[in-house]
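Only one structure is covered here, and it is reproduced in the block below.
Values in this text are rule-based calculations from the coordinates and carry no lab data. Treat the numbers as computed from the prediction; the structure is a model and nothing was measured. Cβ coordinates were reconstructed from backbone atoms using ideal geometry, including for glycine residues, and neighbour counts include every protein chain displayed.
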Amino acid sequence: MNPEADVARGDRPVAPAVSDNEALPIHFFTIVLNGEPFIRYHETMLAELPFRWHWHIIEGVAALRHDTAWSVAAGGTISDAVHRDGRSNDGTSEYLDDLARRFPGQVTIYRKPPGVFWDGKREMVNAPLESIRESCLLWQIDADELWTADQVAEMRRRFIAEPERGAAFYWCWYFVAPDKVITTRGNYAANPKYEWHRTWRYEPGDHWAAHEPPTLVRPRAEGEPLDVATQLPFTHDETEAFGAVFQHFAYVTEAQLGFKESYYGYAGATARWRELLAHKGPGFVADYFAWVTDRAVFDDAAMLRIEPIARPDANGAWHFAAPTGRKDRGPVPVRPRILIDGIYWQYLATGVARVWQSMFEEWVKDGTADHFILLDRVGTAPRIPGVHTVTIAEHDYGRCGADSLYLERLCRDLGADLFVSTYYSAPTATPAFFFGYDMIPEVTGVDLSDEGWQEKARSIRHASGHAMISHSSARDLTRFFPAIAEADIAIAYCGLPPVFTPATAGEIARSRAALRIDRPYLLLVGDRSGAGGYKNGILAFRAAEAMAKRGTVFEIVCVGGLADIEPAFRAAAPSVPMRRVKADDATLRLLYAGAAALIYPSRYEGFGMPVLEAMACGCPVVTCANSSLVEVGGDAAIFVGADDAAGAADAVLSLSDPALRASRVAAGLSQAAKFTTAAQARAAFDAFRVTIDDLAAGRRAVPGDGWREFRTYQAGIQAWLQRRPDLAVEALAHAGGSSALAAPARPSGALLRALAEIEAMKRSPFWRLRGTVIDLLRRAKLRHHG
């Protein structure tokens, strides 16, 4: 049955005006029941549009069938209190009648006869399609989804410029209170598989196969209908870059909560929502909404500079901002503002990740967390209570030029004073701080032409401030980048995670029984070999074999590293039993506590966390006198030569003397107490603030203009290489060569800095591909001559 086409244009079809010279009209559609107060905003936005549009509004109750039948099982019902004869009872019906009278020819209302419900939402969204007899953009606007005219106009322009695009996905700021939005993605209200799909390129004959998720299909002469959204849609990240992130006021009034409590079966929603209103700072949606099962984070909209388009006044009346201009340029609530890129979690979840999680937790404890926003790469960062978190796009070393430009946009949007990366990423113009851990690749002779290590060098050169986690690492940073004075490098020693403490004899006995360890053992933690063998784990096996030949057999227990102990290591200790175990921190604590010693024979470290953890658990440490290990081990560790297996064996055996062992354990506990996560967090924050103050006073240089030039070029060439990887292979074969030494990071003078940075970039293997790649592009007729 055709729906009732109420007022406005009656049941006449919406046909294109003969004199219309617009290339692409937009037909908006809204399904609504009780849309006050937000339904009133849209007319002000539509009135600002400089092209032909039509608004189709489908009003009434959707029966709990088809797409929304799931709510019945959850206890959903249609209460008489939410409608009057199948239509709105909050003033929406009267408003729509008046709207259609004021916009004749541009607004059509669709309703069922009084008392009749729609057969689910799918019937509702299909109702206007018979009347749309022209090619157009079809745009869903829910009553509580607010767009600006600028956003709509920009997306229309994009569709016109790229006629092959069939649809568009968007992110939204999803309000769970009048002043609180969900800030993370890949979770509730931000599922990228179907949220938020709002625009389609429509052709007459298309129809809706489903509403949840919305699926517009196009009949084909043969085969299944075509899902229009599969036709090269604009992605979430693309539309976000165009500024098209709308505001969705989903849970901001008690009337909304009451309706969803009844219609969807969300028991207790209103009461829990009132509790959410009182929450201060970031929180987890699931702590208040029982139907949410993931770790979606909400936060104050002001923290992200979001200016709500709709706001209630003190009396509860809602008012709307002008429907033009940007709505994400509000004042930054706390200065300084520091963005921290959680890129490390996207790639690894090792000790560095724990360092950062500990610092964030300390900043929450000491009240400084409001200065930080954690940029969460596609949901890979931990959701830490009290930490302001914003999900951002995935990092890709094949697109790091575009990523740098993207980070610069984020820094501007969020009002950053300083950018800090957990692992070698950087914006272009915003000052950055390099927080480094070690110079292992540089010291051990790793091939630095790999793009990841090139990015590390670029981050170091780009940075306005630097910190390392030991004095040894700071000296190495200066050695490889001599323009950076060691005195200017802040030191932020790693802190000890609270889990690592001495264990009781009973705990140790139970752990050994659970792991079936029935003899004294030596502990190795982490990678046993490392790039070029710098981890030097072979020393522990040779020392154990030497002790076995003297009549004292220790089992070697390895935690971490390869799943299978290396054949060369087994061959070095044929008389020694050995195993590799997986252990979480709680189990590792007990392994430390029960070990005869930790042997940590590395030739180079940036810090050496296992040494600190072992000492804190009352485990003596045998390590090598090099790099940061001297700083961490202090007077507590026993130091031996990196190739001295006999000396390592003597050191372990000396610990059989109870008095000597007790003194080493006591010294270790005292040494470990010097390294706290609170101290590291304070040192890092102090270094960030000093850098910001120095930048403001002109004592430190900002990044030169050359960075944007380089990153723009890099982004362009990487985009071509993504489309034609065969060109990359051929170009690399022609280019060859190895990385040049880094240019000075900070020559004096803005012009000299920019020139020096460009020249340094041009000496990198990436830039040396330029001539070869451009020549290949031209020969392949992929580059314009001109």
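Observations
- Taking label positions 7 Å along the Cα-Cβ direction at both Leu49 and Asn626, the computed distance is 6.8 nm, reported to one decimal.
- Per residue, the chain reaches -11000 deg cm²/dmol at 222 nm when only DSSP H runs of four or more residues are counted, each adding -39500 (n - 2.57).
- Note on region 338-491: percent of Cα-Cα distances in each 10 Å bin, starting at 0 and stopping at the bin with the largest distance, equals 11, 41, 38, 10, 0.
- Cα centroid of region 103-141 to Cα centroid of region 326-363, whole Å: 45
- Fully extended contour minus Cα-Cα distance, from Ala696 to Arg157, at 0.36 nm per residue: 190.0 nm
- Eligible lysines near Lys535 by straight Cα distance, threshold 29 Å, same-chain separation 8 or greater: Lys456, Lys549, Lys582, Lys674
- Tensor-based shape of region 560-642 (alpha-carbon gyration tensor, a/c under 1.5 rounded, otherwise prolate or oblate): oblate
- When only alpha carbons are used to place a centre, region 267-322 and region 451-513 end up 39 Å from one another.
- Karplus (6.51, -1.76, 1.60) ³J(HN,Hα), θ = phi - 60°, over region 558-575, in Hz, Gly and Pro reported as x: 9, 10, x, x, 4, 4, 9, 5, 4, x, 5, 6, 4, 5, 6, 9, x, 9
- Residue-by-residue Karplus 3J(HN,Hα) for region 203-212, coefficients 6.51, -1.76, 1.60, Hz, glycine and proline x: 10, x, x, 5, 8, 8, 7, 7, 10, 10
- Taking amide H positions as modeled 1.01 Å from N, with prolines and chain starts lacking one, the residues under 5 Å from Ser421 and 5 or more places away or on another chain are Asp341, Phe433, Phe435.
- Taking packing as the residue-averaged number of other Cβ atoms within 10 angstrom, the listed peptides 616-623, 714-721, 123-130 run from highest to lowest as 616-623, 123-130, 714-721.
- Answer label, with mean projected area of the Cα convex hull in nm² calculated from the coordinates and candidates [x] 32.2; [y] 40.7; [z] 38.6: [y]
- Taken along the Cα-to-beta-carbon direction at a fixed 7 Å, the label points for Thr444 and Leu562 span 1.4 nm.
- Rounded FRET efficiency, nearest 0.05, which uses the C-beta distance separating Lys582 from Asp518 and R0 of 25 Å: 0.80
- Multiplying the residue separation of Val499 and Trp291 by 0.36 nm and removing their Cα-Cα distance gives an extension gain of 71.6 nm.
- When each of the peptides 607-615, 593-601 is scored by the mean number of other C-beta atoms lying within 10 Å of its residues, the order from highest to lowest reads 607-615, 593-601.
- Shown for His279, His236: other C-beta atoms within 10 Å of each C-beta, ranked fewest to most, produce the order His279, His236.
- Peptides ranked, highest mean first, by Cβ atoms within 10 Å: ranges 378-386, 216-224: 378-386, 216-224
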